[in-house]
Amino acid sequence: MERARSLEDAVAIARADAPMVSHMLLVVDGDRGTGAVIERAPGRAAFVRPLGAMGGFTNHYTAPALAASG
């Protein structure tokens, strides 16, 4: 992530390699005031949820395929 220069760069980096374990990433672009939660799990496509002005997240998946798997 240290190479990312924008939120789009961070999402592309997160999608570039398959994850070994399920996890979520909170990424923000401080210059533009934007952010996203990236939900990742082995064998699943990354799910990106943009954050609003008061964004936040918990340790519960919101992607339907990930939420169903527990």
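The values are calculated or read from the model by the stated rules, or taken from the named source; none is laboratory data. Just so it is clear, the structure is predicted and the values come from calculations on it, not from any experiment. Here Cβ is always computed from backbone atoms with ideal geometry, including for glycine, and neighbour counts include all displayed protein chains. The accessibility values were calculated without ligands, DNA or RNA, using every heavy atom of the protein model including side chains. Shrake-Rupley method; radii C 1.70, N 1.55, O 1.52, S 1.80 Å.
General observations
- Against the test of being out of contact with any strand residue (DSSP E or B) (no Cβ under 7 Å at 6 or more places or on another chain) and under 17 Å from Ala67 (Cβ atoms), the options Arg44, Arg15 yield a single qualifying residue, Arg44.
- Close Cβ contacts (under 8 Å, 6 or more residues apart or on different chains) running from residues in the range 46-70 that are closer than 10 Å to Gly35 by Cα and open to solvent by 70 Å² or more (accessible area, probe 1.4 Å) to residues that are at pLDDT 70 or above and aliphatic (A, V, I, L, M) comprise Pro50/Ala36.
- Test: Arg32 is modelled with pLDDT under 90 and more than 11 Å from the chain's Cα centre (by Cα): yes
- Residue in the range 4-21 that is under 18 Å from Asn59 (Cβ atoms), touching a Leu at 6+ places or on another chain (Cβ under 8 Å) and modelled with pLDDT under 90 present: no
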